[in-house]
2 protein chains.
Amino acid sequence: MNLLIEEKLKQAAGLLEEGDADLWLTLVRESSRTHDPILDYIFEGHVVWPSAFMVTRSREAFAIVGSLDALSVESLGTYKVIPYVQSFRESFLPFLEKLGPKKILINYSSETATADGMTHGMYLYLQEILQGTPFRERLHSSQELIGSLIGRKSQEEVGRIQRAIDATLGLFEEVTRLLKPGMTEKEVAAYLSQRIEENRWKPAWDVETCPAVFSGPQKGGAHSSPTDKAIQRGEVVNIDFGLMIDGYVSDLQRSWYLLAPGEKEPPEGLKKAFRVLIDSVDLAVKALKPGVKGVEIDSLTRNHITSQGYPEFPHALGHQVGRCAHDGVALLAPPWERYGNIPELTLEEGMVFTVEPRISLPQWGVVTVEEIVKVTPQGGVYLSKPQKELILVG
Amino acid sequence: MNLLIEEKLKQAAGLLEEGDADLWLTLVRESSRTHDPILDYIFEGHVVWPSAFMVTRSREAFAIVGSLDALSVESLGTYKVIPYVQSFRESFLPFLEKLGPKKILINYSSETATADGMTHGMYLYLQEILQGTPFRERLHSSQELIGSLIGRKSQEEVGRIQRAIDATLGLFEEVTRLLKPGMTEKEVAAYLSQRIEENRWKPAWDVETCPAVFSGPQKGGAHSSPTDKAIQRGEVVNIDFGLMIDGYVSDLQRSWYLLAPGEKEPPEGLKKAFRVLIDSVDLAVKALKPGVKGVEIDSLTRNHITSQGYPEFPHALGHQVGRCAHDGVALLAPPWERYGNIPELTLEEGMVFTVEPRISLPQWGVVTVEEIVKVTPQGGVYLSKPQKELILVG
């Protein structure tokens, strides 16, 4: 990851320039317990004592860390390390005074967890240290910097995401050969977990819901676990699944249909719903260009589905993927209270999004696909070979 | 873990009573990314949308969570779940109004990471939701509740820590048989990592420094990784190591000495230093009683060591262990700025502490032990069979 860290530190210095800020400060302690997610992009490992990881506009990176943590930060080779024993404050304040930053970015955001790694206690600690200095009034949210830092994927990053996607789609093909009436959701999940282990990959999120396997009509949501329910003919099976390979993840969904006795193809109503779903995905993908707002993409899809008489899906259309399945800041989301101002953010070139509408059909189950798409000036480019038809199991 | 969760929720309700508070609110989102460490004590798994886990004085537990997360919270069986789709606020505010709490505890602390799981952004989000309500002025830190909740270990919890300790000490005995001049620090570490894997245990902290292996005089601290340095005769070897078994950890250190050619026992100076070290541990352990301040224990040990002419150790004397290696809130620590007010906190019965002074000897290396001790009214009770002499390698 060392090269990726250098890449990100350089990118961060450029983003300070773009945002007319002088210092980006990541202030953490006991980082294995309360973990600022951005720390993984700029440091490998954990620190125990209060620690400041700092990037300046002049492209220098500094770390003020406890003496016991100093060696592990120094060994990374990317920071000028200032170790302390008794007092963080006594190293930190002189550093700030020497640098004299006019605008300091710190990691908080009421709107997105990605840029909200600073705990409230560390914020109060910083406030207290800065009492009586001009710096106290110069603190701003790093949300925009972090949104771009994580969002604009380098070629290396896209390559890693692609490997995770390809491996996941390969496993989905195995599922197609495996699926049989009578298998339980848990059995399907166990097969995929076993294949992860055999390949020494990792699940992209919690193993309890990665994979999530749903069969037939049900009330569970995307974040619930597979059950002992046996899969029946005449049901839609949906799997939500992703892999982490080389530190980057996929997050994909596919829908299968188990033909009922006598059926050669899915019932008309199901086929029509799936066609509407796929059309809605295509609408979104075509529109995924830099400068467009996430909410505009979401509503294109959402409106297409409701205009055809189907219920609205109860979640956002898509999120970014990268180091984790819910990556970055910008979202393809509706203007609901819980999303704050995030749906209003504009997309940037190089961002990688999922597109994952769903249609719940009381007769057959939930049809979904989840594709992964890169934002380019010409519109979205599929990184996942998109699903265009229900996968049929005879 | 389900029974442990019920145990903790019940304990929390009692602590609200003790602290004259009405509601303990753990407010999180994307909990796999920015993770409030206390969540593991009261919930299994992760939530994505803004979620409130709440314990009331009347021993009822409520969770307001996004609809996609609801099923996984419901399946725990310990919370009355209130699911929402579009707006957290619209479920949360009426709940508060109905309950009418006079004192609400939330998880922030400038002094300890353990009680500081709320991000600053979530704090701002809560402030905004509570604008114009009386509840905004009723928010207080849950530090004291969390300190007791984690600190007072149940019999089951102590039993799990004991298992981790016993297994670790067993591996240290294997190391005694293994150690030879010419082995590198990394080879010793690799042996222990392999033994962890064979037993399907986990390291108690980051694998990079668990175990930490130090040989001879060096400048590295307790949080740096083993190197390719070969272990020499006439050197002290120190290992800092712990295991996680059944969700609870050990954290122990032992010191070995490789006799120099012709030596039958360690040099006088080394023996004397080790004796001073062990005496300082005994002083601390005898004094580990409820009501004593952590700083008092630390200074007993620290002063004994410096009074014998040795340098002060550059860290706290000890920390709690439990679910993680740096557990709980109260510490056996000196009154340094970086520890804030934490050294002034008093010990409670049932807390489990490490005691880990060190003496650096420029000739031979660093002598340390790290014992694990339970606080009782009669003084500390060793959970680890204490090291009394340097372990000699011929």
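Values for this structure:
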| item | result |
| --- | --- |
| Criterion: within 14 Å of another protein chain (Cβ to nearest Cβ), among the small types (G, A, S) and in contact with a Phe, Trp or Tyr (Cβ under 6 Å, 6 or more places away or on another chain) - qualifying residue of B:A70, B:A63 | B:A63 |
| Some residue of the stretch A:2-15 being in a helix (DSSP H, G or I) and either at the interface with chain B (Cβ under 10 Å from one of its Cβ atoms) or touching a His at 6+ places or on another chain (Cβ under 7 Å) (or both) | no |
| Close pairs (8 angstrom Cβ cut-off, 6 or more residues apart or separate chains): of a type in the set (V, I, T) in the stretch A:138-167, in a helix (DSSP H, G or I) anywhere | A:I146/A:T114; A:I146/A:A115; A:I150/A:Y41; A:I150/A:T114 |
| Any hit, the stretch B:198-213, residues being away from chain A (no Cβ under 14 Å) and part of a helix (DSSP H, G or I) | yes |
| Scope the stretch B:214-240; condition surrounded by 17 or more Cβ atoms within 10 Å (Cβ to Cβ), within 14 Å of chain A (Cβ to nearest Cβ) and acidic (D, E); matching residues | B:D240 |
| Strands (runs of 3 or more DSSP E) contained in the stretch B:239-325 and holding at least 3 residues touching a residue at least 60 places away in the same chain (Cβ under 8 Å) | B:243-245, B:252-258 |
| Failed condition for B:I104, given (1) at pLDDT below 95; (2) within 29 Å of the chain's Cα centre (by Cα) | (1) |
| Selected residue (only one of B:L139, B:L124 is within 14 Å of chain A (Cβ to nearest Cβ) and closer than 22 Å to B:G66 by Cα) | B:L124 |
| Search result, residues across the stretch B:61-78 that are closer than 17 Å to B:N2 by Cα and modelled with pLDDT of 95 or more | B:A61, B:F62, B:A63 |
| Test: residue in the stretch B:130-143 that is of a type outside the set (D, E), closer than 29 Å to A:S72 by Cα and outside any helix (DSSP H, G or I) | no |
| All positions within the stretch B:73-99 that are polar (S, T, N, Q) and within 11 Å of another protein chain (Cβ to nearest Cβ) | B:S75, B:Q86, B:S87, B:S91 |
| Residue list for the stretch B:23-60, filter: within 21 Å of the chain's Cα centre (by Cα), more than 11 Å from every other protein chain (Cβ to nearest Cβ) and over 12 Å from B:N107 (Cβ atoms) | B:F43 |
| Exclusive hit being away from chain B (no Cβ under 14 Å) and assigned to a loop (DSSP other than H, G, I, E, B), set A:G170, A:G159, A:G182, A:G117 | A:G182 |
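Rundown of residues vs (1) crowded, with 19+ Cβ neighbours inside 10 Å; (2) among the hydrophobic types (A, V, I, L, M, F, W, C), yes/no style:
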site: B:L3; (1), (2): no, yes
site: B:L16; (1), (2): yes, yes
site: B:W49; (1), (2): yes, yes
site: B:E60; (1), (2): no, no
site: B:K80; (1), (2): no, no
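The values are calculated or read from the model by the stated rules, or taken from the named source; none is laboratory data. This structure is a prediction, so every number in the text was calculated from the model and none was measured. Counting neighbours? That spans all protein chains shown, and the Cβs are built from the backbone with ideal geometry, glycine included.
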